[in-house]
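Everything below concerns the one structure shown next.
The values are calculated or read from the model by the stated rules, or taken from the named source; none is laboratory data. Keep in mind the model is a prediction, meaning the values are calculated, not measured. Cβ sites come from the backbone with ideal geometry, for glycine too, and all protein chains shown count toward neighbours. For accessibility, only protein heavy atoms count, side chains too; no ligands or nucleic acids. Shrake-Rupley method; radii C 1.70, N 1.55, O 1.52, S 1.80 Å.
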Amino acid sequence: MFSLLLTFTPLTIIPNELAVTDQGNILTTVTRDHYSLPFLDGPFIEDEKMDLLLDNLEQKIRKEPVNASLNDNDEIVKEKPGITLDRQKFNVLFRKFFYDGKPVKVEVPKKKVFPKVDSELLAEIKENEIGSYETYFKSSNKERTRNIELSAAAINNHVLFPGETFSFNKVVGKRTKEKGYKRAPVIVKGELAEDIGGGICQVSSTLYNAVNLIGIEIVERYSHSRSVPYVPPGRDATVSWYGPDFAFKNEYNHPILIRADAKNGKMSITIYSSDSVEHKSK
């Protein structure tokens, strides 16, 4: 009789693999046993492995949002939303597969990531000039000029929200040959030398003078070990990837917009904000 029951009673077999796809293409195949913690009353999902899976999927599909910006004609270029993994929805789908065996194939769930700076905000803060500064350089020095242009472009259109701190090194990033930076003169311990990115201190120094405002707190700033020709003595801000940084905090009640341009031997930076901007301490 027992053998007959085995013959006619179907066994429930839960599938062991889940295919995760993106627009029909397989991103990864998940093995059920790999995420299982055995217990007497049934298997449980191992949280640490699940978190790693979620991080891996997010890394594969994530597209960063793009802030609204101003072009060379001061026209607003509309923002673009990004994409990330909908972790909550994927968790639900995975648990259905893990405990019920269905489905065995899922399209990776996504959700939009919206940029911090949209067209509406940019339109509000792009008209009211609250600070500016200009310096000059020899455009005939092609290497130094290129470095100035690249670092100026890196800070151009940057929006700093109330309470946030701007770090020149963080925003501009490491100066490398791969990014187009050239070897040019730098000041090291009072002596002239050459290094990748030489000249960018003119950009950080111009920015330092442009943000010399009542609503800006200078958090970190160092002078060169010798005078520089593009700003008055004591008005420079030296930066180095492995050394000093230039950083300041926005203490206004509105975001500020940095507009930077290096062209025809002139480095110019202008700071903008809302018409109703004021120092938060007021």
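Structure summary
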item	result
Difference of contour (0.36 nm per residue) and Cα-Cα distance, residue 214 to residue 34	59.0 nm
Radius of gyration, Dmax [region 68-134; alpha carbons; angstrom]	21.1, 67
Potential lengthening between residue 48 and residue 73 on full extension [0.36 nm per residue; Cα-Cα distance subtracted]	4.0 nm
Accessible area of the chain divided out per residue, in Å², using a probe of 1.4 angstrom	59
Residue 225-residue 134 pseudo-label distance in nm [points 7 Å out on the Cα-to-Cβ vector]	3.4
Accessible surface of the chain, 1.4 Å probe, proportion on carbon and sulfur as whole %	51
Violating pairs (Cα-Cα greater than 19 angstrom) within the set 126/170; 60/89; 63/182	126/170; 63/182
Inverse mean reciprocal Cα-Cα distance (Kirkwood Rh) of region 112-183, Å	14.9
Environment charge of residue 248, counting only residues whose C-beta is closer than 14 Å and scoring Lys/Arg +1, Asp/Glu -1	-2
Highest-fluctuation residue, 147, 169, 91 considered, GNM on the chain with Cα pairs under 10 Å	91
Under 5 Å, built H, 5+ apart or other chain: amide partners of residue 19	30, 105, 106
Highest-fluctuation residue, 222, 181, 208 considered, GNM on the chain with Cα pairs under 10 Å	222
Dimensionless Rg/Rh of region 141-282 - Kirkwood Rh, Rg from C-alpha atoms	0.97
Long-range HN-HN contacts of residue 113 with modeled amide H, under 5 Å	82, 83, 84
Computed over the chain, Cα set: Rg, Dmax in Å	27.7, 101
